[in-house]
Amino acid sequence: MAVQLDLGLSCEATLLQRTGCEGDAFAFAAPSRERVLECREPLLSWGMSTDHPPTCADATRFLTECPDVAGFFREGQP
């Protein structure tokens, strides 16, 4: 079972570790940087603060329209 992120807590360190983004050698491969930037829009439509998380509809849109990017953040887990 994949580790779940706790709602309301900062998940930045966990995502950086899972994706390897903190590494000096990190480079986007698949999905591409452009794809990640394109797919972040539904998650950031209410702003970048954790005080204003995405709505359920926006999160569903992200998961539906961007399964490749969602999988990237879940380490390829469905």
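The values are calculated or read from the model by the stated rules, or taken from the named source; none is laboratory data. Not measured: the values here are computed from a predicted model. Cβ coordinates were reconstructed from backbone atoms using ideal geometry, including for glycine residues, and neighbour counts include every protein chain displayed.
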query = Restricting attention to segment 34-44, which residues are within 16 Å of Cys11 (Cα to Cα) and in a helix (DSSP H, G or I)?
reply = Leu43, Leu44
key: Leading residue by the ranking (nearest to the chain's Cα centre (by Cα)) among those in segment 45-73 that are surrounded by 16 or more Cβ atoms within 10 Å (Cβ to Cβ) and not in a helix (DSSP H, G or I)   = Cys66
inquiry  = Which count do you get for residues in segment 1-41 that are at pLDDT 75 or above, within 21 Å of Thr64 (Cα to Cα) and either of a type in the set (Asp, Glu) or surrounded by 11 or more Cβ atoms within 10 Å (Cβ to Cβ) (or both)?
reply    = 10
